[in-house]
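The block underneath contains the structure these notes are about, expressed in structure tokens.
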Amino acid sequence: MSDCLFCKIVEGTIPARKVYEDDRVVAFHDIQPQAPVHLLVIPKKHIASMNDATPDDAELLGHTLLAAQQVAKEAGIAESGYRLVNNCGKDSGQIVFHIHWHVLGGEKLGALNVQNDVSGE
């Protein structure tokens, strides 16, 4: 995808501070960190969002999640805990439409901000 920021990182035309790479996945520092450790893990294959993933992508998505686990270990946050987040669609906050996971940690993270209480209160 010629206009995808993350595809450009994969192809090397846009630089990134990579922390992990193999033949199917790349991980790098987020340029707007929301935690002391904030890394992004992406498959090299362009998939716009989780809604665009197919059964044929299952192995790649599993590999991507295991890469996120490895990245957390290498960043030193696996033992204390980390948050793994995937935003799907613009209303969730997805800005770059290339499926990716945020690996967040390095401090005690607060509760997720939920706008609508499911109890109805």
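Every number here is computed from the coordinates shown, using simple stated rules; none is lab data. On a predicted model such as this, the values are computed, not experimentally measured, just so you know. Don't worry about glycine lacking a Cβ; one is built from the backbone with ideal geometry, like all the others, and counts go over all protein chains shown.
Per the Debye calculation on the range 1-71 with a single equal scatterer at every Cα and no solvent contribution, log₁₀ I(q)/I(0) for q = 0.16, 0.20, 0.22 Å⁻¹ amounts to -0.56, -0.88, -1.04. The residues neighbouring D23, those whose beta-carbon lies less than 15 Å from its own, together hold a net charge of 0 under the Lys/Arg +1, Asp/Glu -1 convention. Lys/Arg Cβ at +1, Asp/Glu Cβ at -1, dipole of the chain taken about the Cα centre: which of G110, V37, F6 is farthest positive-ward? Farthest along the dipole direction, towards plus: V37. Put the Cα centre of the range 69-93 next to the Cα centre of the range 13-29 and the gap is 15 Å.
If you take all other residues with their beta carbon under 11 Å from the beta carbon of H102, and give Lys and Arg +1 and Asp and Glu -1, the sum is 0. Computed about its Cα centre, the charge dipole of the chain is approximately 320 debye, with only Lys, Arg, Asp and Glu carrying charge at their Cβ. Give the lysines whose C-alpha is closer than 21 Å to that of K45, dropping any in the same chain fewer than 8 places away, or say none. Straight-line reach from K45, under 21 Å: K8, K18, K90.
How would you rank L61, L66, L40, going from fewest to most other Cβ atoms within 10 Å of each one's own Cβ? Could you put the intermediate results ahead of the total?
Details: L61 18, L66 12, L40 22.
Going from sparsest to densest Cβ surroundings: L66, L61, L40.
Cysteines in the chain that lack a partner Cβ within the 4.7 Å cut-off: C88. Exposure proxy shown here: for Y82, Y20, the number of other Cβ atoms within 10 Å sets the order, fewest to most, as Y20, Y82. Rounded to the nearest 0.05, what FRET efficiency do T54 and Y20 have when you use their Cβ-Cβ distance and R0 = 25 Å? Taking R0 as 25 Å, the efficiency between T54 and Y20 is 0.50.
Over the range 5-105, what is the relative contact order in whole percent, taking alpha-carbon pairs under 8 Å and six or more residues apart?
On the way: 153 pairs, mean separation 31.8, N = 101.
Over the range 5-105, the number comes to 32 percent.
Bin all alpha-carbon pair distances of the chain at 5 Å intervals from 0 and give each bin's fraction as a whole percent. Calculated over all Cα pairs of the chain, the distribution is 2, 11, 20, 23, 20, 13, 7, 3, 1, 0 percent.
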